[in-house]
Amino acid sequence: MPLDWLNPYHLQVASFILINVLLAVSIYVTLSTGQLSLGNAGFMSIGAYASAILTTAHGAPIPAGVLLGSVLAGAFGVLVGIPALRLKGVYLAIATLGFGEVVRAVFINWESLTGGAVGIAGIPQMGREILAALRESGISPETVGLRSNQFISLSVFLILLAAAILSTLFFLRLSSSRAGRAYAAIRMDEAAAEAAGIDATYYKVLAFSQGALLSGFAGALFAHSTSYISPADFTYHRAVEILVFAVFGGSEHLLGPVFGAMFLTAVPEALRFISDYRYIVYGIILVLMMIFRPQGVIDQALIDRVARGGSPGGS
Amino acid sequence: MALLRVDNVGKNFGGLAAVDGVSFSVGEGEILGLIGPNGAGKTTLFNLITSTFAPTGGRLLFRGESIAGLAPHSIVRKGICRTFQNIRLFPRMTALENVMVGRHPRSGAGIWGGVLRTRRQRDEEADIREKSGELLALMGLSGCGDLTAGKLPYGHQRRLEIARAMAAEPKLLLLDEPAAGMNESETREIQSLILTIRGMGVTVLLIEHDMSLVMKVCDRLVVLNFGRKIAEGAPAEIRANPEVVEAYLGREEEGEDGDA
């Protein structure tokens with residue numbers, strides 16, 4: 001087999017990295033207006049459950065499930081984002097963390113719809129669906145030298161890769177546009193932003209719901225990658241893990257959390273033998289970061305140095 | 001018709017009347033000075049005009065239209081911009097970006113325009129950049145566009161804040177102590193900038209403690225003390241007004257010295 005190096009296990013790790021990249025972008029978007037939301041695990045679960053239920057119980061095709069799941073999470077983002085305007089800093093963080101836990105409690109207890117603590121199994125898997133569709137039209141992956149499980153993992157990986165790249169590009173472009181400048185202005189000084197004619201309420205709710213929508217999108221893709229979800233996938237640990245991507249990678253620039261997500265997902269896999277101590281490693285890394293590089297690995301100065309000669313702009 | 005009419009406006013903080021039944025108007029094209037000792041309620045009045053908070057009583061009319069209760073950003077859209085006594089720039093943005101943010105209410109690209117970079121968005125962005133560059137030049141900050149705003153010298157920051165306010169093309173510009181902490185030559189620059197701004201058809205309402213500056217640039221003065229208006233008139237009249245002299249220097253025999 002010429003393509004033996006395509007190891008489904010490695011592809012799966014890469015897929016988890018990409019889902020975490022989406023989540024990292026989602027926390028950054030909200031943070032780029034100065035709002036620290038820990039509710040993204042909750043929004044992720046809304047997207048995941050909505051898409052899972054639609055595709056299993058109602059026979060919806062996966063793209064429709066993913067779309068509706070994302071939109072539903074975004075709508076919840078608006079609902080949470082409006083009262084969240086009254087809260088700042090840690091108070092907002094605690095309230096949104098509480099929101100995530102409420103959502104999880106609902107999923108545990110609404111057994112008729114969600115399967116309770118057991119969760120939902122048999123969710124259509126993106127790779128398998130594509131394989132089945134190809135087989136039906138008479139094309140087999142073996143003709144290009146891929147085993148079925150290789151093909152399944154590869155197609156999931158490619159879909160997630162496209163999603164992660166498109167989302168990152170979307171928000172990179174946004175941050176160097178008029179709306180992105182408004183976000184950055186609000187983050188630096190909300191009163192001054194209002195005095196410059198920026199409708200801070202609108203942009204804060206917008207950023208909050210964009211973050212929620214993207215979390216929901218990540219959640220729906222997660223559901224169709226693993227084909228099994230349960231409330232245990234969306235606990236407080238997940239919320240903190242997403243936060244750590246931004247704290248570790250840096251929250252001044254979009255690429256900070258993206259890097260944080262890639263690094264912090266890949267390292268424990270590479271160091272599988274200490275995987276049980278992952279949270280101890282997190283703790284040590286965070287303490288070291290706070291001492292030596294409180295702004296995170298990637299900051300604006302680093303971006304500027306790398307992009308020297310490029311056009312000025314960005315946040 | 002007056003551009004801005006402040007009509008019997010008051011603001012209480014708890015039991016304290018920070019502004020108490022103040023009335024005056026600002027005519028189109030005028031430079032009106034708002035003076036008074038510390039704590040007289042000048043900045044509070046600015047905050048009322050820009051709707052940072054709502055007045056406890058009275059009316060605020062801009063071009064004959066009530067502006068009470070509007071959000072601060074809507075006030076900017078109506079044509080009233082301000083600077084702050086303690087400079088409030090966006091410190092980690094460049095000087096140019098600060099001014100570009102000021103163009104926000106005079107541009108319209110949304111999320112999709114920004115992401116898809118449509119032709120209209122690119123044209124608008126180029127226009128924002130050009131106008132912002134012109135304003136930097138007008139304020140004598142031509143070479144500073146790419147520098148981080150928070151790292152500019154103090155005097156530059158003050159002028160940058162004026163440039164940002166001007167970017168929204170105000171009809172009325174509120175300047176809160178633009179010459180505070182400046183030396184004589186910097187103050188002279190501010191003086192000529194204020195006159196330039198008026199020359200562009202912008203009405204100026206100026207809070208300033210530097211009396212020589214106030215006396216030179218203002219057409220009229222309104223004097224506040226303990227939240228009340230105690231005098232209004234041409235600079236020469238105000239200088240000779242015993243009540244004003246008393247507010248600044250305390251009760252004494254005719255101590256006529258306008259350079260408080």
Take peptide B:83-92, look around each residue's Cβ out to 10 angstrom, count Cβ atoms belonging to other protein chains, and average those counts. 4
Given the candidates B:THR56, B:GLY36, B:SER185, the one whose Cα lies deepest towards the positive end of the charge dipole of chain B, counting +1 at each Lys or Arg C-beta and -1 at each Asp or Glu C-beta, is B:THR56
Cα-based Rg then Dmax for region B:90-169, in Å, read 12.7, 39
Would you tell me the mean number of C-beta atoms belonging to other protein chains that fall within 10 Å of each C-beta in A:184-191, as a whole number? 5
With Cα coordinates, the longest principal axis of chain A makes an angle with the long axis of helix A:8-31, in degrees rounded to 10, of 30
Which of B:ALA165, B:ALA40, B:ALA240 ends up with the largest GNM mean-square fluctuation for chain B, with Cα atoms connected below 10 Å? B:ALA240
Relative contact order for region A:8-234 using alpha-carbon pairs under 8 Å, separation at least 6, rounded to a whole percent? 45
Equivalent ellipsoid semi-axes for chain B, as square roots of 5 times the alpha carbon gyration tensor eigenvalues: give them largest first, rounded to whole Å. 34, 22, 15
Based on the mean of other beta carbon atoms within 10 Å per residue, what is the order of B:204-210, B:119-125, most packed first? B:204-210, B:119-125
Cα centre as origin, Lys/Arg/Asp/Glu Cβ charges: region B:90-169 dipole, Debye: 160
Sorted peptide list for B:222-231, A:257-266, B:107-116, criterion being average Cβ within 10 angstrom, highest first: A:257-266, B:222-231, B:107-116
Structure-based [θ]222 nm, chain A - -39500 (n - 2.57) summed over DSSP H runs of at least 4, per residue, nearest 500: -23500 deg cm²/dmol
What average number of partner chain Cβ atoms lie no more than 10 Å from the Cβ of the residues making up B:103-111? 4
Roughly how tilted is helix B:184-199, in degrees to the nearest 10 and between 0 and 90, from the longest Cα axis of chain B? 70
Considering only B:LEU89, B:LEU172, B:LEU16, give the residue with the highest GNM mean-square fluctuation for chain B, with springs between Cα atoms whenever their separation is below 10 Å. B:LEU16
Separation between Cα centres of region B:158-206 and region A:2-37, rounded to whole Å: 49
Using alpha carbons only, how many degrees (0 to 90, rounded to 10) separate the axis of helix A:148-175 from the longest principal axis of chain A? 20
Taking the Cα centre of chain A as origin, work out the dipole magnitude from +1 charges on Lys and Arg Cβ and -1 charges on Asp and Glu Cβ, in debye rounded to 20. 340
Relative contact order of chain B, pairs being alpha-carbon contacts under 8 Å that are 6 or more residues apart, as %: 26
Which ordering of A:SER26, A:SER70, A:SER227 is given by a fewest-first count of other beta-carbon atoms within 10 Å? A:SER227, A:SER70, A:SER26
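Here, each number is a calculation from the coordinates, and none is a lab measurement. Small disclaimer: the values here were computed from a predicted structure and weren't measured. Note that each Cβ is placed from the backbone with ideal geometry, even for glycine, and that neighbours are counted across all protein chains shown.
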